[in-house]
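Down below is the structure, laid out as structure tokens.
Taken together, the values in this text are just the output of simple stated rules run on the coordinates, not laboratory data. Since we're looking at a predicted model, the values are computed, not measured. Cβ: placed from backbone, ideal geometry, glycine included. Neighbour counts: every protein chain shown.
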Amino acid sequence: MKASVGDRIVIASNRVEGPLRDGRVVACRHEDGSPPYDVEWSDTGRTGLFFPGPDALVEHLAGGESEEAVPSAPEQLGRVKTWRVEVTVFEAGDDTTAHAVLAAGAPGVEARGSARRNPHDADVPLIGDEVAVARALRRLSDQLLHSASDDISAAEGQPVDLRH
């Protein structure tokens, strides 16, 4: 990414239908236009040092060639889908079980994870919740990768394994 003073920096939101953030480059730290840049943000008016990530785009000054297209609305970023995972946590004594269900997206994908507190450990329910939920989400992820592997294998006519 290269920018010049006056160019516009646009950052896509990490949330579906979230707002775009933009600012104007007020200073370049390197003569070749490589990052980082001093950017004055339009939403706050503040200027700060900016190291662009993969969600940042540059809109060059009028009359210049743009090296990247700048979306003006979230729908221009491409096709947007929302997949939701619902996790339910059950606690009974020293045992915690989490049930994760993919509520939107690939249908019928669900997984369980569990945790058991050692009776000699302190009783901190949050830790059991974290372990059980993490295990359920890891298993859910493994199922999705297995399903995608099967789909690619069917399309390509050869075995594919995305889990490694």
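The table below gives the values:
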| read-out | value |
| --- | --- |
| Sequence-separation-based contact order of segment 85-156, relative, with Cα cut under 8 Å and 6+ spacing, percent | 29 |
| Kirkwood hydrodynamic radius of segment 85-156, from inverse mean 1/r over distinct Cα pairs, in Å | 13.2 |
| Of the trypsin sites (Lys or Arg not before Pro) in segment 103-164, those whose Cβ has at most 12 other Cβ within 10 Å and which sit in DSSP loop | Arg163 |
| Table column - 3J(HN,Hα) (Hz), segment 143-160, Karplus curve with 6.51, -1.76, 1.60, x for Gly and Pro | 5, 5, 5, 5, 4, 5, 4, 4, 5, 5, 4, 5, 6, 8, x, 8, x, 9 |
| Per-residue ³J(HN,Hα) for segment 20-37, Karplus 6.51 cos²θ - 1.76 cosθ + 1.60, θ = phi - 60°, Hz, x for Gly and Pro | 7, 10, 9, x, 10, 5, 9, 7, 10, 7, 10, 4, 7, x, 7, x, x, 10 |
